[in-house]
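Student: Pasting in a structure now, in structure tokens, and then I'll have a few things to ask.
The values are calculated or read from the model by the stated rules, or taken from the named source; none is laboratory data. From a predicted model like this one, the values you see are computed outputs, not experimental measurements. Quick reminder, even Gly has a Cβ in these numbers, built from the backbone with ideal geometry, and neighbours come from all protein chains shown. What goes into the accessible areas is simple: the full protein's heavy atoms, side chains included, and nothing from ligands, DNA or RNA. Shrake-Rupley method; radii C 1.70, N 1.55, O 1.52, S 1.80 Å.
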Amino acid sequence: MEYLELFFKSIFIDNMVFATFLGMCSYLAVSKKVSTAVGLGAAVIFVLLVTVPLNWLLDQYILQPGALGKWLGEEYADYDLSFLSFIMFIATIATMVQLVEIIVEKFSPSLYNSLGIFLPLIAVNCAILGGSLFMQSREIPTIGLATVYGLGSGIGWFLAILAIAAIREKIRYSNVPPALRGLGITFIITGLMAIGFMSFGGMLTGGDEEPKEENTVLADEDAKKEEVKKDIADNTIKVVE
Amino acid sequence: MGLLSKKDQKLILDPLADNNPITIQVLGICSALAITAQLKASIVMTVSVIFVLGLGNVVISLIRNIIPSKIRIIVQLTVVAALVIIVDQVLKAFSYQLSKELGAFIGLIITNCIIMGRFEAFALGNGPWKSFLDGVGNALGYGIILIIVGFFRELLGSGTLLGFKVLGDPIAKTGLYATGYENNGFMLLAPMALIVVGIIIWVQRSRNKALIEDH
């Protein structure tokens, strides 16, 4: 149950693109065609799936305050290496990205060519490092949960880039104001999609654990948010027209 | 600016408008937008990026002739990670509250594409002084967008700027609130950052038609 909850939470509610803006650069740059978007999305899922648990192990056994004491003996328990986490995480990620590059080049040269510079750039895709840093700051307790978190975030990113690529393929036929063409309209569509994804936030608040009074308060707040959302949505539609 | 030659001025001023890293080169959006709900966080982020990008460009430019090109990405990442660790530790030491609020996003400066982009496109081919100016210019161009977005989101979302109540007190109903104005809480949520940037891009491209893309 815990696993399932974290899985859906990381796909929909804490979606990398729509809730935290991670991986936006490649999201904007590689989303012109559905086929390349799918390739990059799959690579991101794989890299996140592997690096988050790996970095969880690093964090648990080397980086956390007192982590060295767990396996080197009591005299090492005082060390706090957490300032090294950025370098350790990025080193793991860079290694894994190289591995993916070699695998993709071997098994699908056409995909390798169409992704071009963006494959090595997965190393600097913020979604990947963000996955590991959020794993650390949210203190995910077990390696199983860390794996699920990595997979879920990857799938969330994949969904986002797939959706925007499909929209951008179609938007070519519509009459967008010249100054908004390309980047501008993509930003605004992403914003509207993010509004849509925010409604998934209600998925976990309706649980059994919460007392009824809070539920009613939450419902009221939600209703207010809905109103605001409608207003904003109307406004932006006018702006776009 | 008597200190700088025409060419050097161009290095600083170009990224501020017509070659802006965020709105034209589409770089560095990742770690930026989530922290723009408050002006203060935007400013801290800007200063951090100016430090990391300016210094990082100088370091890469100094060692550009001795890095083997195959492992240059790992070398670049190490340089950036080292600089970001300095920023992170300084923030933790002097403003712990703020570093808690920014959370993982300081670490995400490492993967800010502007930094890798400038290393690859500029520092690997130019001398240290020029690279420094280029780094500072691009970081400023990035910062300008952050600060504009942060300004509007904080002003319209919570009625404050840098924590000062500029529009009056929403509870005591003074200032603008006396006329029936309400804070637009939606500005503080994630999607509005994207829409505000979209509008900035729209304004910029309407003023300079040369920047318009075809779909």
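Student: For the structure I just gave you, tell me whether residue A:150 is away from chain B (no Cβ under 14 Å) and not basic (Lys, Arg).
Tutor: In short, yes.
Student: Can you report the number of residues in segment B:98-127 which are aliphatic (A, V, I, L, M) and at the interface with chain A (Cβ under 10 Å from one of its Cβ atoms)?
Tutor: Result for segment B:98-127: 8.
Student: Exactly one condition in (1) closer than 23 Å to residue A:135 by Cβ; (2) touching an Asp or Glu at 6+ places or on another chain (Cβ under 8 Å); (3) away from chain A (no Cβ under 12 Å) is not met by residue B:133; state its number.
Tutor: (1)
Student: Also, quick follow-up: Based on this model, can you work out whether residue B:40 counts as surrounded by 15 or more Cβ atoms within 10 Å (Cβ to Cβ), farther than 23 Å from residue B:129 by Cα and either out of contact with any Phe, Trp or Tyr (no Cβ under 9 Å at 6 or more places or on another chain) or at pLDDT below 75 (or both)?
Tutor: yes
Student: If a residue must be within 21 Å of residue B:146 (Cα to Cα) and surrounded by 14 or more Cβ atoms within 10 Å (Cβ to Cβ), how many such residues does segment B:156-182 contain?
Tutor: Selection size over segment B:156-182: 7.
Student: OK, next. Could you grab me the full set of residues in segment A:118-133 that are within 9 Å of another protein chain (Cβ to nearest Cβ) and either farther than 28 Å from residue A:61 by Cα or among the hydrophobic types (A, V, I, L, M, F, W, C) (or both)?
Tutor: Within segment A:118-133, A:120, A:121, A:123, A:124, A:126, A:127, A:128, A:129, A:133 qualify.
Student: Across segment A:177-191, what is the total count of residues that are surrounded by fewer than 22 Cβ atoms within 10 Å (Cβ to Cβ), more than 7 Å from chain B (Cβ to nearest Cβ) and in a helix (DSSP H, G or I)?
Tutor: 1
Student: Right, here's the next one. Consider only pairs whose beta carbons are under 9 Å apart and that are at least six residues apart or on different chains; among these, list those whose first residue lies in segment A:63-80 and is exposed (fewer than 11 other Cβ atoms within 10 Å of the Cβ) and whose second residue is not aromatic (Phe, Trp, Tyr).
Tutor: A:75/A:69; A:78/A:65; A:78/A:66; A:78/A:68; A:78/A:69
Student: Out of everything in segment B:54-97 that is within 11 Å of chain A (Cβ to nearest Cβ), in contact (Cβ under 8 Å) with a residue 24 or more places away in the chain and open to solvent by less than 30 Å² (accessible area, probe 1.4 Å), what residue ends up being farthest from residue A:92 (Cα to Cα)?
Tutor: B:87
Student: Restricting the search to segment B:183-215, which residues are open to solvent by 60 Å² or more (accessible area, probe 1.4 Å) and more than 7 Å from every other protein chain (Cβ to nearest Cβ)?
Tutor: Hits for segment B:183-215 are B:188, B:199, B:203, B:207, B:209, B:210.
Student: On the given criteria, is residue A:154 farther than 19 Å from residue B:186 by Cβ, surrounded by 14 or more Cβ atoms within 10 Å (Cβ to Cβ), modelled with pLDDT under 85 and out of contact with any Asp or Glu (no Cβ under 8 Å at 6 or more places or on another chain)?
Tutor: Considered against the rule, which asks whether it is farther than 19 Å from residue B:186 by Cβ, surrounded by 14 or more Cβ atoms within 10 Å (Cβ to Cβ), modelled with pLDDT under 85 and out of contact with any Asp or Glu (no Cβ under 8 Å at 6 or more places or on another chain), residue A:154 comes out as no.
Student: May I pose another question? What is the number of the single condition among (1) within 26 Å of residue B:121 (Cβ to Cβ); (2) away from chain B (no Cβ under 12 Å); (3) among the hydrophobic types (A, V, I, L, M, F, W, C) that residue A:52 does not meet?
Tutor: Failing condition for residue A:52: (1).
Student: If a residue must be touching a Gly at 6+ places or on another chain (Cβ under 6 Å) and small (Gly, Ala, Ser), how many such residues does segment A:42-87 contain?
Tutor: 1
Student: Next question, about the same structure. Residues that are touching a residue at least 60 places away in the same chain (Cβ under 8 Å) and either away from chain B (no Cβ under 13 Å) or crowded, with 22+ Cβ neighbours inside 10 Å (or both): does segment A:82-104 have at least one?
Tutor: There is at least one residue in segment A:82-104 that is touching a residue at least 60 places away in the same chain (Cβ under 8 Å) and either away from chain B (no Cβ under 13 Å) or crowded, with 22+ Cβ neighbours inside 10 Å (or both).
Student: For segment A:167-176: of the residues being at the interface with chain B (Cβ under 8 Å from one of its Cβ atoms) and not in a helix (DSSP H, G or I), which is surrounded by the fewest Cβ atoms within 10 Å (Cβ to Cβ)?
Tutor: The extreme case among them is A:172.
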